[in-house]
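To keep things clear, I will list the structure first and then write my remarks on it.
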Amino acid sequence: MRAAVGLVTAYGMSEAPLDRPAWHALNGRQASYAIPAGRAVRYASDAALFAACRDDSEASHADLGRIIREAGAGVLLQAAATPPLPGLNVEKQGECVQMVAASLTSATPPRPIEPAVRLTDADAPQMLALATLTEPGPFFAQTHRLGEFWGVKDGDGRLLAMAGERMRLDGHTEVSGVCTHPDHRGHGHGAMLTWLVAARILARGETPFLHSYTANAGAVALYEALGFRPRALMTATFLRAV
C-alpha cells in the first residue's frame, strides 16, 4: 500500500482486503456478480464496471488485461500502482481517498427536508436517470441490486437524491451512488442519506467505507463531518479496449 501523509491504516499488514476491494467482494459476498478469469475477475457488465486481480504477478496482469478486453472496458480501483495492460488504453485516471467510519459523529441523521424511503426495482429507471445526470460513478441497470439504496422523493414521486451500497466484502460495505438532482442541492439530502446508509451498515456489525476523488475537497469534508476518516490513497483507472 502506498504511504500517504495524514492517512491512517486500519490493518497491520502490507496489503489489506480494502486495498483491492473489488477482488475481495467478487471472491466473497458478491460472488454471484463475478465473471472470473483465472487470477482476475470483474463484475457483470450490467452491475458495475470494476475489475481486479489477485496480486501484481505477470500472470494476474495477463488475466486482468484479457478479462477487461473481453468486456470492452473496465475500472481498476486499488492501492497498488496501475500496471500497463496490453491492448487497453487509459481513458482517465484519478487519485481517490478511501475513507472508513468506525462510528458516526452523531446518533441521529442531519435533519432531512423530506423523509428517506427504501428504493426498489420499481425505482430503477429513476435511479439510473439520476445517476446518468449527476455522474456519482459508473451506474448501470442492475447496480441498484448490489445492496440497499435509499432516496428522497418529492410529492409527485420524483427521485431527488439517493445513496446506497456497492462493493460488499467480509466485514465491510461501501457507501456509493450518493447524488442529488442539481435543482435540489443545498438541502442536506446527500449528508442525510450518507448517514443513513452508513448507520445501517454499522448496525449490521460491518464497517462502512467509501471513495472520493482527493480533488473533491467539499465531499471529503462532508464525509469527515459524518465520522469517516481517511484510510488510504487509491487510484481509479478507467480502461478501454483498443
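The values are calculated or read from the model by the stated rules, or taken from the named source; none is laboratory data. Keep in mind that what you see is a predicted model, and the values were worked out from it rather than measured. Because the Cβ atoms are built from the backbone with ideal geometry, glycine has one as well, and the counts that use them run over all protein chains shown.
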Note on residue 48: of the conditions (1) more than 15 Å from the chain's Cα centre (by Cα); (2) touching a residue at least 60 places away in the same chain (Cβ under 8 Å), unmet is (1)
Scan segment 175-190 for residues that are among the charged types (D, E, K, R) and not in a loop (DSSP other than H, G, I, E, B) and report the count.
-> 1
For segment 108-126, enumerate the residues that are in contact (Cβ under 8 Å) with a residue 40 or more places away in the chain and closer than 30 Å to residue 92 by Cβ.
-> 119
Condition met for residue 58 (acidic (Asp, Glu), in contact (Cβ under 8 Å) with a residue 60 or more places away in the chain and loosely packed, with under 14 Cβ neighbours inside 10 Å) | no
Could you identify the single residue in 207, 235, 194 that is among the hydroxyl-bearing types (Ser, Thr, Tyr) and surrounded by 23 or more Cβ atoms within 10 Å (Cβ to Cβ)?
-> 194
Hey, can you tell me all the residues within segment 168-187 that are at pLDDT below 95 and either more than 24 Å from residue 218 (Cα to Cα) or of a type in the set (S, T, N, Q) (or both)?
-> none
Residue selected from segment 83-102 under the condition small (Gly, Ala, Ser) and loosely packed, with under 13 Cβ neighbours inside 10 Å, by the criterion farthest from residue 205 (Cα to Cα) | 87
Taking the options 124, 116, name whichever one is within 15 Å of residue 198 (Cα to Cα), in contact with a helix residue (DSSP H, G or I) (Cβ under 7 Å, 6 or more places away or on another chain) and small (Gly, Ala, Ser).
-> 116
Hey, any hits in segment 59-74 for a residue that's touching a helix residue (DSSP H, G or I) at 6+ places or on another chain (Cβ under 7 Å) and closer than 30 Å to residue 203 by Cα?
-> no
